[in-house]
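Student: Before we start, here is the structure in question, set down as structure tokens.
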Amino acid sequence: MVTFVLPCVMAAKTLPSTGAVTGIKETLDFFGDPQFAQKRFKAHGDVFETRLLNQRLVFIRGEQTMADLFAQGDALEGWWPESVRQLLGSRSLANRSGDGHKARRRVVGQLFSAAALSRYTPSIAALVEELADELIQAKAPVQLVPCMRRFAFAVIATTVLGLDASDRQALFADFEIWTRALFSIPVAIPGTPFAKALEAKKRLLGRLKQVVAQTSAERGGLDLLSGGLDEAGIPLTDDDLVEQLLLLLFAGYETTASSLSCLMRALLLNPEIEQWLLPELLDQPWPNLESRSCPRLDATVLEVMRLTPPVGGFFRRTKQTIQLAGVAVPPDRVIQVALAPDLGDGSCDLAEIRPERHLDGSFTQTLLPFGGGGRVCLGKALAELEIRLMAIGLLQRVHLGLTPNQDLTLQQIPSPSPRGGLLVTASARHKS
Ligand code: HEM
């Protein structure tokens, strides 16, 4: 007798939906409520669909869901809202999929290799020392948030791209016009922020092209990109390359500034955490931190990113039906991976900041502040280096104190940042 073994096909569940029709109320809630996604996950499960204005979005979270998502990378492509797509440009690796995406990741990834990071370390350390001097010498309280923003921009613009001060100044002005319209209505009527941003983009790309033409080994890391090939093995054109550099400015600035500002805010608001951290920070050789282990600092940075993720989520679009944790997501759906913290049901301490949870084995959620799969953040190693150097270099030399009566709540868009600018007084720290 012949026995036929049938493959075990689990019937996939239909995609749960909030039932939103116009999406207006959902959009208002999305921008007004940091717990937007978490509340709906509680009601509908780890995969649900809703509508934000005219865009249908599938929100997802959870270990199994993420594992399933990353395992089906070939059935997905990158996705950004139309305004971001146009402002980043069609050549940008953020707007590419498949081999074209992979080829450009390989080229741009050379800027973040271990050798490249060692090259950047002295210049990043010098920026931290400059800031420490400025804070110690300040006669009045200083806002830390603008300092962190200036630092994060200088690292990409000067250390990585090798711009000199005048190029950087001009670039920064256009960059601010450009970023303001990234999440705006993409209609280029003259005078609108979007039209101004498209003009700014032209100037930015023109300036970046000049920088690429002048690249030398003494300035920045752009010489590391020579020999960059596209998916057909043909050298990347300058038009292509500068769109990748524009992406780096966008991807690496706001995110890193946010994580640095939120880290400083967390330490200022929780002096017991700073005290727990300080012995480890003071023990580090400055600035050569390569291969140094800093478990308390790493745990603190991760805990701050858990509670205030610099990026609220990332997107993919389905090319065909995929199954996520047993739920069928049809083709042509935009998926948003929500990175907002899961604070549990109130019966545990997940709403509290407690870095030790990452060292004592009590925390079991998977955190993805840098995304995952084939599109995981390309600048992760650089961001981690910047944060380490800033935390160690600044706190070894400077004692910071919060000035009273300021707004320490966080604005959420585009990335979390203390509304009052984090006003501090500073004094030199004398190592005992
Ligand atoms: C704390 C700082 C940062 C955070 C939290 C962060 C987070 C992220 C996230 C969540 C993504 C999306 C990943 C995905 O779609 O799976 C991403 C992508 C990306 N990030 Fe970062 N990022 C940071 C800093 C940087 C820096 C410093 C750079 C470079 C200068 C950078 C360059 C990029 C690029 C190029 C991509 C697109 C990758 C692709 O589409 O293949 N990021 N980042």
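Every number here is computed from the coordinates shown, using simple stated rules; none is lab data. It should be emphasised that the depicted structure is a prediction, and the values quoted were computed from it without experimental measurement. Cβ sites come from the backbone with ideal geometry, for glycine too, and all protein chains shown count toward neighbours.
Student: Quick one: which of 190-197, 361-368 comes out on top by average Cβ neighbours within 10 Å, and what's the full order, highest first? Show your work: numbers first, answer last.
Tutor: Numbers: 190-197: 15.1, 361-368: 12.6.
My ranking of the peptides, most packed first, is 190-197, 361-368.
Student: In whole Hz and in residue order, list the ³J(HN,Hα) couplings for the stretch 11-21 that follow from phi through the Karplus curve 6.51 cos²θ - 1.76 cosθ + 1.60, θ = phi - 60°; x for Gly and Pro.
Tutor: Once rounded to whole Hz, the list reads 5, 7, 7, 6, 5, x, 9, 6, x, 4, 9.
Student: Can you pick out the pairs among LYS13/LYS319; LYS42/LYS319; LYS13/LYS42; LYS102/LYS380; LYS102/LYS201 whose Cα atoms lie more than 26 Å from each other?
Tutor: LYS42/LYS319, as the Cα separations exceed 26 Å there.
Student: Sorted from fewest to most neighbouring beta carbons within 10 Å, what does the list ILE60, ILE177, ILE136, ILE413 look like?
Tutor: Listing ILE60, ILE177, ILE136, ILE413 from fewest to most nearby Cβ atoms yields ILE413, ILE136, ILE177, ILE60.
Student: Assigning unit charges at the beta carbon (Lys, Arg +1; Asp, Glu -1) and nothing else, what dipole magnitude in debye, to the nearest 20, does the chain show about its Cα centre?
Tutor: About 760 debye.
Student: Another question, if that's okay. What list do you get for GLU352, GLU129 if you sort them by fewest beta carbons within 10 Å?
Tutor: Starting with the residue having the fewest Cβ neighbours, the order is GLU352, GLU129.
Student: In a Gaussian network model over the chain where Cα atoms closer than 10 Å are linked, find which of ASP360, ASP240, ASP29 has the largest mean-square fluctuation.
Tutor: The residue with the greatest mean-square fluctuation here is ASP360.
Student: Right, another one. What is the set of long-range amide H partners of LEU76 at a cut-off below 5 Å, with H atoms built 1.01 Å from backbone N?
Tutor: So LEU76 has HN proximity to LYS319.
Student: Okay, moving on. So, with +1 on the Cβ of K and R and -1 on the Cβ of D and E, and no other charges, what is the size of the charge dipole of the stretch 254-309 about its Cα centre, to the nearest 20 debye? Provide the component values of the computation, followed by the final result.
Tutor: On the way: 4 positive and 8 negative charges, 20 e Å.
Rounded to the nearest 20 debye, it is 100 debye.
Student: OK, next. When all C-alpha to C-alpha distances in the chain are sorted into bins of 10 Å, what percent of pairs does each bin hold, rounded to whole numbers?
Tutor: Once binned at 10 Å, the Cα pair distances of the chain give 4, 19, 29, 27, 15, 4, 1, 0, 0, 0.
Student: Taking only C-alpha pairs under 8 Å that are 6+ residues apart, what is the relative contact order of the stretch 65-149 in percent?
Tutor: Value for the stretch 65-149: 15 percent.
Student: Could I ask something else about it? Tell me, how many Å apart are the Cα centres for the stretch 155-201 and for the stretch 23-86?
Tutor: If you average the Cα positions of each part, the centres end up 28 Å apart.
Student: Using a Gaussian network model of the chain with C-alpha springs under 10 Å, which one of GLY98, GLY346, GLY421 is most mobile by mean-square fluctuation?
Tutor: Residue with maximal mean-square fluctuation among GLY98, GLY346, GLY421: GLY346.
Student: Pick from SER123, SER166, SER347: which is most flexible by mean-square fluctuation in a GNM of the chain where alpha carbon atoms under 10 Å apart are linked?
Tutor: SER347
Student: In sequence order, what are the phi-derived ³J(HN,Hα) couplings for the stretch 157-165 according to the Karplus relation 6.51 cos²θ - 1.76 cosθ + 1.60 with θ = phi - 60°, rounded to whole Hz, with x for glycine and proline?
Tutor: Taking θ as phi minus 60°, the curve returns 5, 8, 5, 8, 8, x, 6, 8, 4 Hz for the stretch 157-165.
Student: Rounded, prolate or oblate, given the Cα gyration tensor of the stretch 1-132, with a/c below 1.5 counting as rounded? Walk me through the numbers on the way to the answer.
Tutor: Working: a/c = 2.14, a/b = 1.39, b/c = 1.54.
Because a/c hits 1.5 or more and a/b fails to exceed b/c, the stretch 1-132 counts as oblate.
Student: While we're looking at this one, here's another question. Report D for the stretch 287-371 in µm² per second (integer): Stokes-Einstein, Kirkwood Rh on Cα pairs, 20 °C, 1.002 mPa s.
Tutor: 139 µm²/s
Student: On to the next question. Would you mind ranking PHE70, PHE31, PHE183, PHE151 by Cβ crowding within 10 Å, fewest neighbours first?
Tutor: PHE31, PHE183, PHE70, PHE151
Student: Still on this model: For the chain, what relative contact order do you get, as a whole percent, if you take Cα pairs closer than 8 Å and at least 6 residues apart?
Tutor: Computed value for the chain: 23 percent relative contact order.
Student: Let me check against my output: what whole-number percent is the relative contact order of the stretch 3-129, with C-alpha pairs under 8 Å and at least 6 apart?
Tutor: Working: 93 pairs, mean separation 18.9, N = 127.
So the answer I get is 15 percent.
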